[in-house]
Amino acid sequence: DADIVCLQEVDKDVYETFEPLLHNRGYEGVLQLGNPKKKGEGKDIPGLATFFRRSIFEKNWVIASYRASILGLTIKKGHEKGRVLALLNCHLEGAPWKHKERKDQLNAAIRKLKKADFSYSLLCGDFNGSLEDNSLALNTAIKHGYRSVYLNHPSRDISCLISPREVDPKNPNIYMVDNILHGSSLTPIAVMNVMNSSWNRKKVIKRGLPSLHWPSDHLSVGAILSFSKSSNLRTGVVANPEPKTFTNLEEERKKARSELENALSNKELKIWNKFEMAEDEQKCLNRLSPGTRSCEE
(Lines give C-alpha, C1' and ligand atoms only; values in the text may rest on other atoms or scores of the structure.)
Protein backbone atom coordinates (compact mmCIF):
# COMPACT_ATOMS: atom_id res chain seq x y z
CA ASP A 1 0.00 0.00 0.00
CA ALA A 2 2.99 2.33 -0.31
CA ASP A 3 2.47 5.52 -2.34
CA ILE A 4 5.93 5.13 -3.89
CA VAL A 5 7.81 1.90 -4.63
CA CYS A 6 11.47 1.92 -5.75
CA LEU A 7 13.01 -1.25 -7.17
CA GLN A 8 16.56 -1.96 -8.30
CA GLU A 9 18.08 -4.66 -10.52
CA VAL A 10 14.90 -5.02 -12.57
CA ASP A 11 15.14 -6.65 -16.00
CA LYS A 12 12.81 -5.56 -18.78
CA ASP A 13 10.94 -8.88 -18.93
CA VAL A 14 10.41 -8.83 -15.16
CA TYR A 15 9.12 -5.26 -15.32
CA GLU A 16 6.72 -6.13 -18.13
CA THR A 17 5.42 -9.04 -16.05
CA PHE A 18 4.41 -7.15 -12.91
CA GLU A 19 3.79 -3.65 -14.35
CA PRO A 20 0.21 -4.58 -15.42
CA LEU A 21 -0.47 -6.03 -11.97
CA LEU A 22 0.65 -2.85 -10.23
CA HIS A 23 -1.17 -0.72 -12.78
CA ASN A 24 -4.40 -2.49 -11.85
CA ARG A 25 -3.69 -1.59 -8.23
CA GLY A 26 -3.43 2.10 -9.04
CA TYR A 27 0.27 2.56 -9.81
CA GLU A 28 2.11 4.08 -12.75
CA GLY A 29 5.63 2.84 -13.44
CA VAL A 30 8.81 4.15 -15.06
CA LEU A 31 11.67 1.83 -16.06
CA GLN A 32 15.22 2.96 -16.82
CA LEU A 33 17.60 0.49 -18.47
CA GLY A 34 21.30 0.64 -19.37
CA ASN A 35 23.51 3.71 -19.48
CA PRO A 36 21.55 6.84 -20.48
CA LYS A 37 24.82 8.63 -21.27
CA LYS A 38 25.55 6.45 -24.29
CA LYS A 39 22.75 4.83 -26.25
CA GLY A 40 23.10 1.06 -26.49
CA GLU A 41 25.80 0.82 -23.82
CA GLY A 42 25.61 -0.54 -20.30
CA LYS A 43 23.25 -3.38 -21.12
CA ASP A 44 24.67 -5.25 -18.14
CA ILE A 45 23.65 -2.43 -15.78
CA PRO A 46 20.51 -3.52 -13.86
CA GLY A 47 17.32 -1.59 -14.48
CA LEU A 48 15.62 0.83 -12.09
CA ALA A 49 11.85 0.68 -11.72
CA THR A 50 9.89 3.38 -9.91
CA PHE A 51 6.16 3.15 -9.22
CA PHE A 52 3.88 5.82 -7.79
CA ARG A 53 0.21 5.91 -6.91
CA ARG A 54 -1.78 7.69 -9.64
CA SER A 55 -4.40 9.01 -7.21
CA ILE A 56 -1.73 11.03 -5.38
CA PHE A 57 0.94 11.84 -7.97
CA GLU A 58 1.22 12.74 -11.62
CA LYS A 59 4.46 12.40 -13.57
CA ASN A 60 5.82 15.87 -14.37
CA TRP A 61 9.34 15.26 -15.62
CA VAL A 62 11.96 12.51 -15.93
CA ILE A 63 15.76 12.87 -15.76
CA ALA A 64 18.07 9.98 -16.61
CA SER A 65 21.45 9.72 -14.93
CA TYR A 66 24.07 7.00 -14.79
CA ARG A 67 22.80 4.41 -12.26
CA ALA A 68 20.01 6.74 -11.12
CA SER A 69 16.48 7.46 -12.31
CA ILE A 70 15.00 10.82 -11.27
CA LEU A 71 11.30 11.65 -11.44
CA GLY A 72 9.39 14.84 -10.78
CA LEU A 73 5.98 13.93 -9.32
CA THR A 74 3.29 16.59 -9.10
CA ILE A 75 1.16 16.24 -5.96
CA LYS A 76 -2.56 16.05 -6.78
CA LYS A 77 -4.19 16.60 -3.37
CA GLY A 78 -3.81 18.24 0.04
CA HIS A 79 -2.15 21.55 0.91
CA GLU A 80 0.75 20.59 -1.36
CA LYS A 81 -1.43 20.24 -4.46
CA GLY A 82 0.51 21.42 -7.51
CA ARG A 83 3.93 21.14 -5.88
CA VAL A 84 6.55 18.70 -7.11
CA LEU A 85 8.27 15.86 -5.24
CA ALA A 86 11.64 14.98 -6.79
CA LEU A 87 12.38 11.26 -6.38
CA LEU A 88 15.81 9.76 -7.07
CA ASN A 89 15.96 5.96 -7.31
CA CYS A 90 19.51 4.61 -7.55
CA HIS A 91 21.59 1.47 -7.76
CA LEU A 92 25.19 2.55 -7.36
CA GLU A 93 28.33 0.65 -8.40
CA GLY A 94 28.48 -2.70 -6.63
CA ALA A 95 32.20 -3.49 -6.55
CA PRO A 96 33.18 -3.01 -2.87
CA TRP A 97 36.43 -1.21 -3.65
CA LYS A 98 34.89 1.36 -6.04
CA HIS A 99 34.04 3.98 -3.43
CA LYS A 100 34.89 6.94 -5.64
CA GLU A 101 32.74 5.64 -8.51
CA ARG A 102 29.72 5.42 -6.22
CA LYS A 103 30.36 8.91 -4.92
CA ASP A 104 30.68 10.34 -8.44
CA GLN A 105 27.54 8.54 -9.65
CA LEU A 106 25.39 9.88 -6.80
CA ASN A 107 26.94 13.35 -6.89
CA ALA A 108 26.23 13.66 -10.63
CA ALA A 109 22.63 12.52 -10.13
CA ILE A 110 21.99 14.95 -7.25
CA ARG A 111 23.44 17.82 -9.28
CA LYS A 112 21.02 17.00 -12.10
CA LEU A 113 18.15 16.80 -9.61
CA LYS A 114 18.97 20.20 -8.11
CA LYS A 115 18.68 21.87 -11.52
CA ALA A 116 15.02 20.79 -11.73
CA ASP A 117 11.97 22.55 -10.31
CA PHE A 118 10.67 20.88 -7.13
CA SER A 119 9.57 21.56 -3.55
CA TYR A 120 10.47 18.25 -1.88
CA SER A 121 13.06 15.57 -2.60
CA LEU A 122 13.83 11.95 -1.71
CA LEU A 123 16.78 9.67 -2.44
CA CYS A 124 16.05 5.92 -2.36
CA GLY A 125 17.73 2.71 -3.37
CA ASP A 126 20.79 0.50 -3.16
CA PHE A 127 23.79 2.67 -2.30
CA ASN A 128 26.13 -0.32 -1.87
CA GLY A 129 27.59 1.46 1.13
CA SER A 130 26.26 2.27 4.61
CA LEU A 131 26.30 5.16 7.05
CA GLU A 132 28.43 3.03 9.36
CA ASP A 133 31.28 2.34 6.90
CA ASN A 134 31.83 6.03 6.10
CA SER A 135 30.46 5.58 2.58
CA LEU A 136 31.73 8.34 0.31
CA ALA A 137 28.43 8.26 -1.61
CA LEU A 138 26.22 8.69 1.46
CA ASN A 139 28.54 11.33 2.87
CA THR A 140 28.10 13.17 -0.42
CA ALA A 141 24.33 13.00 -0.03
CA ILE A 142 24.62 14.34 3.52
CA LYS A 143 26.75 17.23 2.27
CA HIS A 144 23.98 18.04 -0.20
CA GLY A 145 21.59 18.36 2.76
CA TYR A 146 20.01 14.89 2.88
CA ARG A 147 19.43 12.79 5.98
CA SER A 148 18.73 9.08 6.35
CA VAL A 149 15.40 8.11 7.90
CA TYR A 150 17.34 5.32 9.68
CA LEU A 151 20.07 7.52 11.15
CA ASN A 152 20.55 6.55 14.84
CA HIS A 153 17.26 4.64 14.74
CA PRO A 154 16.84 1.18 16.35
CA SER A 155 15.16 -0.21 13.22
CA ARG A 156 18.27 0.14 11.08
CA ASP A 157 19.89 -3.22 10.42
CA ILE A 158 21.58 -5.46 7.88
CA SER A 159 19.84 -5.09 4.51
CA CYS A 160 22.25 -7.13 2.41
CA LEU A 161 24.24 -10.15 3.55
CA ILE A 162 25.39 -12.73 1.01
CA SER A 163 27.72 -14.62 3.33
CA PRO A 164 27.38 -14.83 7.13
CA ARG A 165 31.18 -14.76 7.33
CA GLU A 166 31.01 -11.12 6.23
CA VAL A 167 29.34 -10.03 9.46
CA ASP A 168 31.29 -7.92 11.91
CA PRO A 169 29.59 -8.80 15.23
CA LYS A 170 30.70 -5.45 16.65
CA ASN A 171 29.08 -3.47 13.85
CA PRO A 172 26.51 -5.48 11.83
CA ASN A 173 24.81 -2.29 10.60
CA ILE A 174 27.71 -1.77 8.23
CA TYR A 175 25.73 -4.03 5.89
CA MET A 176 22.73 -1.71 5.68
CA VAL A 177 23.45 -0.65 2.11
CA ASP A 178 19.83 0.16 1.18
CA ASN A 179 18.49 3.45 2.42
CA ILE A 180 16.00 6.30 2.17
CA LEU A 181 17.24 9.87 2.54
CA HIS A 182 15.06 12.96 2.68
CA GLY A 183 15.51 16.67 2.13
CA SER A 184 14.85 19.28 4.82
CA SER A 185 11.25 19.86 3.69
CA LEU A 186 10.22 16.29 4.56
CA THR A 187 9.86 14.80 8.04
CA PRO A 188 9.91 11.04 8.78
CA ILE A 189 7.08 10.03 11.11
CA ALA A 190 7.50 6.25 10.93
CA VAL A 191 10.22 3.83 9.85
CA MET A 192 9.94 0.21 8.73
CA ASN A 193 11.85 -2.50 10.56
CA VAL A 194 14.44 -4.05 8.27
CA MET A 195 14.02 -7.42 10.02
CA ASN A 196 10.64 -9.02 10.75
CA SER A 197 11.73 -10.13 14.23
CA SER A 198 14.83 -10.83 16.29
CA TRP A 199 14.20 -14.55 15.61
CA ASN A 200 14.33 -13.88 11.87
CA ARG A 201 17.41 -11.69 12.32
CA LYS A 202 19.37 -14.52 13.93
CA LYS A 203 18.49 -16.81 11.05
CA VAL A 204 19.56 -14.23 8.46
CA ILE A 205 22.90 -13.64 10.15
CA LYS A 206 23.48 -17.39 10.53
CA ARG A 207 22.41 -18.41 7.00
CA GLY A 208 23.03 -15.33 4.90
CA LEU A 209 20.88 -14.16 1.99
CA PRO A 210 19.02 -15.19 -0.07
CA SER A 211 17.21 -17.80 1.98
CA LEU A 212 13.99 -19.80 1.93
CA HIS A 213 12.11 -16.97 3.63
CA TRP A 214 13.93 -14.12 1.86
CA PRO A 215 14.37 -14.98 -1.86
CA SER A 216 16.54 -11.90 -2.46
CA ASP A 217 20.03 -10.92 -1.31
CA HIS A 218 18.53 -7.62 -0.10
CA LEU A 219 15.89 -6.79 2.50
CA SER A 220 13.42 -3.97 2.01
CA VAL A 221 13.45 -0.58 3.71
CA GLY A 222 10.58 1.86 4.06
CA ALA A 223 9.27 4.97 5.77
CA ILE A 224 6.26 7.23 6.12
CA LEU A 225 7.06 10.91 5.69
CA SER A 226 5.14 14.16 6.16
CA PHE A 227 5.49 16.97 3.66
CA SER A 228 5.32 19.60 6.39
CA LYS A 229 4.35 19.94 10.04
CA SER A 230 0.94 21.38 9.11
CA SER A 231 0.27 18.98 6.26
CA ASN A 232 -2.55 16.44 6.31
CA LEU A 233 -0.93 14.48 3.48
CA ARG A 234 1.53 11.66 4.09
CA THR A 235 3.47 9.55 1.66
CA GLY A 236 4.77 6.02 2.21
CA VAL A 237 7.96 5.00 0.44
CA VAL A 238 9.31 1.46 0.10
CA ALA A 239 12.48 0.25 -1.61
CA ASN A 240 12.55 -3.46 -2.48
CA PRO A 241 9.17 -4.06 -0.83
CA GLU A 242 8.21 -7.04 1.32
CA PRO A 243 5.37 -7.29 3.88
CA LYS A 244 6.65 -5.43 6.94
CA THR A 245 5.44 -3.37 9.89
CA PHE A 246 5.98 0.38 10.09
CA THR A 247 7.06 1.37 13.58
CA ASN A 248 6.43 4.78 15.10
CA LEU A 249 9.70 6.52 15.92
CA GLU A 250 8.78 7.37 19.50
CA GLU A 251 7.30 3.96 20.24
CA GLU A 252 10.37 2.23 18.84
CA ARG A 253 12.63 4.14 21.18
CA LYS A 254 10.58 3.04 24.18
CA LYS A 255 10.40 -0.68 23.54
CA ALA A 256 12.54 -3.47 22.18
CA ARG A 257 11.57 -5.46 19.15
CA SER A 258 8.94 -8.09 19.92
CA GLU A 259 9.70 -11.74 19.20
CA LEU A 260 6.13 -12.07 17.98
CA GLU A 261 6.24 -9.11 15.61
CA ASN A 262 5.50 -10.37 12.10
CA ALA A 263 6.48 -13.88 13.19
CA LEU A 264 6.22 -16.68 10.65
CA SER A 265 3.10 -18.81 10.69
CA ASN A 266 3.33 -22.32 12.16
CA LYS A 267 3.24 -23.74 8.64
CA GLU A 268 6.10 -21.47 7.53
CA LEU A 269 8.10 -22.33 10.62
CA LYS A 270 7.80 -26.07 9.91
CA ILE A 271 9.01 -25.57 6.34
CA TRP A 272 11.88 -23.35 7.46
CA ASN A 273 12.99 -25.68 10.26
CA LYS A 274 12.80 -28.72 7.98
CA PHE A 275 14.96 -26.92 5.44
CA GLU A 276 17.54 -25.94 8.07
CA MET A 277 17.65 -29.41 9.62
CA ALA A 278 18.31 -30.94 6.19
CA GLU A 279 21.02 -28.38 5.53
CA ASP A 280 22.70 -29.00 8.90
CA GLU A 281 22.55 -32.77 8.36
CA GLN A 282 24.24 -32.40 4.98
CA LYS A 283 27.01 -30.24 6.45
CA CYS A 284 27.55 -32.81 9.17
CA LEU A 285 27.72 -35.67 6.66
CA ASN A 286 30.27 -33.74 4.62
CA ARG A 287 32.54 -33.63 7.68
CA LEU A 288 32.26 -37.33 8.54
CA SER A 289 35.27 -39.54 8.22
CA PRO A 290 35.00 -42.72 6.08
CA GLY A 291 33.21 -45.53 7.92
CA THR A 292 31.12 -43.26 10.14
CA ARG A 293 27.44 -43.99 9.62
CA SER A 294 25.64 -41.01 11.14
CA CYS A 295 26.16 -37.56 12.61
CA GLU A 296 25.26 -38.90 16.07
CA GLU A 297 28.28 -41.15 16.29
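The values are calculated or read from the model by the stated rules, or taken from the named source; none is laboratory data. Remember, predicted model here, so these are calculated numbers, not experimental data. Quick reminder, even Gly has a Cβ in these numbers, built from the backbone with ideal geometry, and neighbours come from all protein chains shown. Note: areas computed on protein heavy atoms with side chains; ligands, DNA, RNA excluded. Shrake-Rupley method; radii C 1.70, N 1.55, O 1.52, S 1.80 Å.
Things worth noting here:
- This model, with +1 at the C-beta of Lys and Arg and -1 at the C-beta of Asp and Glu, gives the stretch 63-158 a dipole about its Cα centre of some 460 debye.
- Listed peptides 24-34, 182-192, 119-129 by packing density, highest first (mean Cβ within 10 Å): 119-129, 182-192, 24-34
- Whole-percent carbon and sulfur share, accessible surface of the stretch 12-149, 1.4 Å: 48
- Gain on full extension, evaluated as 0.36 nm per residue between D1 and I142 minus their Cα-Cα distance, stands at 47.9 nm.
- Beta-bridge orientation, the stretch 1-129: approximately 80 percent antiparallel, per DSSP, counting only bridges with both partners inside.
- In this structure, the amide hydrogen of I45, modeled 1.01 Å from its nitrogen in the peptide plane, lies closer than 5 angstrom to those of G34, counting only residues at least 5 positions away or on a different chain.
- Pairs from K12/K114; K100/K143; K114/K143; K98/K203 whose Cα-Cα separation, in the structure shown, is over 22 Å: K12/K114; K98/K203
- Kirkwood Rh, Cα atoms: Rg over Rh of the stretch 109-157: 0.98
- Radius 13 Å from Cβ of L73, net charge of other residues (Lys, Arg +1; Asp, Glu -1): +2
- The stretch between K81 and L151, if pulled fully straight at 0.36 nm per residue, gains 22.3 nm over its current Cα-Cα span.
- Potential extension, W97-L21 segment - 0.36 nm per residue separation minus Cα distance: 23.5 nm
- Two-site FRET efficiency, I189 against D11, from Cβ-Cβ distance with R₀ of 35 Å, rounded to 0.05: 0.55
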